[in-house]
Every structure is written in C-alpha cells, then in structure tokens.
Amino acid sequence: MNITLQQILALEAVVSQGSLQAAASYLHKTHPSVITSLRKLEDELGFALFDRSGYRTILTEEGRLFRQRSRSLLVELHQLGEQAEHIRDGEAAELNIILGDVTPKAEVLQILRRFVEEHTYTGLNLYFENISGPNQRLLAGEVDMIVHHIDKADPRYEYKDFCRVPVVPVVAPGFLDMPITDALGYSDLRDYTQCIIRDTGDTPGDNYFVLPESPHITVGDQYTKKEIILQRMGWGHMPLFMIQEELDKGQLISIEGSHVRGNTVDIVIARLSGQSHGVMAERLWENF
C-alpha cells in the first residue's frame, strides 16, 4: 500500500477546516490538487472516506476510523520533528544523576518532576549510591551531577548548597539492656550489633561512626537500615527526615549525647568544575 504523508495531511485539513476549499487554502494548495490527493488515498484504501451525497463534507464510518488512526501518526510525526530540533540544537537526549544515601529524595524529585514536564525529550537516568560512590562516579565523569555531600574545598567540584540533614544515632525501645542517658558511650555499645550502609564506591571511603570491634549488619540502603533498627536487630545513625515520625511516636529513641554523637551533613548539587556541561545539563543545573 502506497499512502503518502501529503494524502494524510490533505485528509486532516479537510476535516479540521470543514471544506475542500478551506483545506486548500490552509495547505497552500490548489483545490484540484487536494481532491486528487484524497481520491488517490481512497483508491489505495479501497473505501470512500467522505459521504458525497450531500453538500457538507462528512466522513464515512470507515473514514472516521481511518482518520482517528492517522491523527496518531501526525502527532508522532510532530513529536519526531520536535525531537530533531532538540538534537540539532545540541540538547542532550538523557542526563545521568546520582542521589546519595542521606539525600532527601522527595525534595529532589519535585524539582526533577518540573524539569521533565518542561523537557519531555530529555530522559533522566537516576542512580542511588552510598557514601563515596556518588563522588567517585562524578569525578570519573560517569554522571552529569550528584545530589550528595562533598569536600567543598576540593576544586574539582562546582556545587550549589541544597539542604542540611541531621544524622541521629537511634535504637528501638528495648534494644539496649541499659538505661539511655547522656553518659552512654561507644564502649557501652561495643557488644551490640550495629547496622551500617554498604559503600558503593570502588575504593571505600571513610566509615562514619562505624565501631570496627562490634558485630555488624551491612545493608544497601537507608530504608532497609531503618527497618533493621525498628525490628531491634541493630542500632545505627539515620537521617532525621527519615525517622522523625518514628521518634515522635516512640518507635525509635535517640541515643545522642555527650559521647555518642550525631552530625549534620551538608547536601549539595555538584558537578565537575571547569567542564562544558551541555544545554540540558545547564538547564537542569539552573532548576536547583
């Protein structure tokens, strides 16, 4: 079957403009050329597109069904043209972003959602890594940006401050066989299982708050770690935004004090400094 784009466009113009004459004007074609396109299309299809028994241009039932499908083709063609424009203008087809293990994902995803709504032809590849993983991937040039903590003194990074995340040592009620007081120390926790996050970096970085002499349960993400602690299988440090509700309900208890410390992590949006980042990467950067 030899159906041409010009025939499809002629059909759509006649229906949308209401008449052959209006369609010809809309397409900047002559009236006879539009009629010829429609007749050739009908010959290819083997059925009439229009009911020609009256004065008005009305689709037959077969014509209505065919036009419904052909409109989908025109929409896809329009989208293909828009995507070609994005490619021509140097706009990346996809961006790679890593969210770190203590990054508040809901806040980041709200920003990313607005970006994808405005830039439908740029795909986002989101990765979730822990501890030194995000930094190593960025410095190796494997991703466009990370939302994580960095060494702000390192000149290899360009960054924007995003938020500050308190990290709190917690246990479930009944996990410790001792009173929880300000005098509690790490030596008191030595015989208790500590739940820690697995570092996804190729070269493991610093192990924050890890007691090397204690038994450990190692997990791949903060959500599993939280559940381990809730089930009284271990204790550990957790981002406050993930456990605030459980603290308020008494399902978890902070053991932060003079000796067992928490800390506050500066979360930033970071990319490589002194690099050409591309049109879409720059637009995403500006969204933060």
Determine whether segment 237-254 contains at least one residue that is out of contact with any strand residue (DSSP E or B) (no Cβ under 7 Å at 6 or more places or on another chain), at pLDDT below 95 and among the acidic types (D, E). no
Of the residues that make up segment 194-203, is at least one more than 15 Å from G262 (Cβ to Cβ), surrounded by 14 or more Cβ atoms within 10 Å (Cβ to Cβ) and small (G, A, S)? yes
What's the number of the only condition in (1) within 30 Å of G123 (Cα to Cα); (2) exposed (fewer than 14 other Cβ atoms within 10 Å of the Cβ) that E227 fails to meet? (1)
Would it be correct to say that Q79 is surrounded by fewer than 12 Cβ atoms within 10 Å (Cβ to Cβ) and either outside the structural domain of E142 (by TED's automatic domain parsing) or modelled with pLDDT of 80 or more (or both)? no
Based on this model, can you work out whether L184 counts as of a type in the set (A, V, I, L, M) and under 28 Å from the mean Cα position of the chain (by Cα)? no
Looking at D266, is it modelled with pLDDT of 95 or more and part of a helix (DSSP H, G or I)? no
Which of (1) in contact with a Gly (Cβ under 9 Å, 6 or more places away or on another chain); (2) within 25 Å of E245 (Cα to Cα) is the odd one out, the single condition P179 does not satisfy? (1)
Have a look at D221, D248, D266 and point out the one that is without any contact (Cβ under 8 Å) to a residue 12 or more places away in the chain, surrounded by fewer than 16 Cβ atoms within 10 Å (Cβ to Cβ) and either in contact with a helix residue (DSSP H, G or I) (Cβ under 6 Å, 6 or more places away or on another chain) or not aromatic (F, W, Y) (or both). D248
Identify, by number, the condition in (1) assigned by TED's automatic domain parsing to the domain that holds E246; (2) of a type outside the set (A, V, I, L, M); (3) at pLDDT below 95 that G123 doesn't meet. (1)
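The values are calculated or read from the model by the stated rules, or taken from the named source; none is laboratory data. Quick caveat, the model's predicted, so the values are computed rather than measured. With ideal geometry, Cβ positions are generated from the backbone for all residues, glycine too; neighbour counts draw on all protein chains shown.
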